[in-house]
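One structure is given here, and the rest of the page talks about it.
The values are calculated or read from the model by the stated rules, or taken from the named source; none is laboratory data. Here the structure is a predicted model, which is why all the values come from computation and not from measurement. Don't worry about glycine lacking a Cβ; one is built from the backbone with ideal geometry, like all the others, and counts go over all protein chains shown.
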Amino acid sequence: MPRPLLQLALDTFDLPSALAPMQQARDHVDVVEAGTILCYAEGMHAVCALRALYPDKLLLADVRIAEAGSIIAKLAFDAGADWVSMVSGATPATMEVVLSEARSRGRDVQLELIDGWTWAQAAAWRALGIEQVIAHRSRDGEALGDLSWKPADFEQMRRLADLGFKVTVAGGVEVDDLPLFADVPIHVFTVGRAIRAAADPASAARGFQEAIARVYGATAARA
């Protein structure tokens, strides 16, 4: 399996708080995420700043589009985003216009799977042309304080990969979790606090990359 990418989620309330850990971890991060909170707090200014500072990185604007898809996608792509996020509860019409906007620019869309989606919908999303999905740790379990990954989580990810999706994993990912994914095709591991709030973000990010290499080998990751 190709080696997954490492994405740093910058979910902070202001740009300086995002830039401090990113600047330290930059050499060990493949994808920079302008988190949802940061996008709300700073607007597309945050995306513009991250694009200017890290032109060699893939950049996700985690705007979680639910409607007004063409407008929001244009704002994010004009600001320099390579990818935008969209929620699985969006209508097919919204998904179509966001995907069209992305494709017209050579960009891409990550579809965030929110509770209640079905496999019939997943097949329809794939037929529409969506290639990336974001799978979370069980939200019910998190709400109850259970932070462990379940066999059902891995089975879901494998089935999504079998449908042809590139799967991003999010939801409190820790470096010690990575061996659990050894036989699961993952495109991106999204990490937030475990790097951002670390005493040494560079060391923490390097630790994730080393763990990814141990689990998946050194085969080049897919963009």
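Scanning segment 92-128 for residues that are part of a helix (DSSP H, G or I) and among the acidic types (Asp, Glu), which turns out surrounded by the most Cβ atoms within 10 Å (Cβ to Cβ)? Checked segment 92-128; the qualifying residue surrounded by the most Cβ atoms within 10 Å (Cβ to Cβ) is 101. Only one of the listed residues (124, 221) is at pLDDT 95 or above and of a type in the set (Gly, Ala, Ser). That residue is 124. Which of the residues that make up segment 83-132 are within 23 Å of residue 155 (Cβ to Cβ) and among the basic types (Lys, Arg)? 126 - this is the single residue of segment 83-132 that is within 23 Å of residue 155 (Cβ to Cβ) and among the basic types (Lys, Arg).
Being within 20 Å of residue 9 (Cβ to Cβ), at pLDDT 95 or above and in contact with a helix residue (DSSP H, G or I) (Cβ under 6 Å, 6 or more places away or on another chain) is the requirement here; does residue 80 meet it? So residue 80 passes the test. Scanning segment 16-29 for residues that are surrounded by fewer than 19 Cβ atoms within 10 Å (Cβ to Cβ) and either of a type in the set (Val, Ile, Thr) or closer than 14 Å to residue 49 by Cβ (or both) yields 16, 17, 19, 20, 23, 26. Residue 1 meets each of the listed conditions (1) over 29 Å from residue 183 (Cα atoms); (2) in contact (Cβ under 8 Å) with a residue 24 or more places away in the chain; (3) out of contact with any strand residue (DSSP E or B) (no Cβ under 9 Å at 6 or more places or on another chain) apart from (1). Against the test of being without any contact (Cβ under 8 Å) to a residue 40 or more places away in the chain and out of contact with any strand residue (DSSP E or B) (no Cβ under 9 Å at 6 or more places or on another chain), the options 106, 80, 69 yield a single qualifying residue, 106. What about residue 42, is it of a type outside the set (Gly, Ala, Ser), under 25 Å from residue 136 (Cβ atoms), out of contact with any helix residue (DSSP H, G or I) (no Cβ under 6 Å at 6 or more places or on another chain) and crowded, with 17+ Cβ neighbours inside 10 Å? So residue 42 fails the test. Which residues, taken from segment 1-35, are under 15 Å from residue 189 (Cα atoms) and β-branched (Val, Ile, Thr)? Of everything in segment 1-35, those that are under 15 Å from residue 189 (Cα atoms) and β-branched (Val, Ile, Thr) turn out to be 29, 31, 32. Selection within segment 151-169: residues that are at pLDDT 95 or above and of a type in the set (A, V, I, L, M, F, W, C). The member of this set that is nearest to the chain's Cα centre (by Cα) is 169.
If you filter segment 170-179 down to residues that are free of Cβ contacts under 8 Å to residues at least 60 places away in the same chain and surrounded by 14 or more Cβ atoms within 10 Å (Cβ to Cβ), you find that the one that is nearest to residue 217 (Cα to Cα) is 178. Is segment 72-94 home to any residue that is in contact with a Gly (Cβ under 6 Å, 6 or more places away or on another chain) and of a type in the set (S, T, N, Q)? Yes.
Here residue 148 fulfils each of the conditions (1) more than 24 Å from residue 30 (Cα to Cα); (2) among the polar types (S, T, N, Q); (3) modelled with pLDDT of 95 or more apart from (3).
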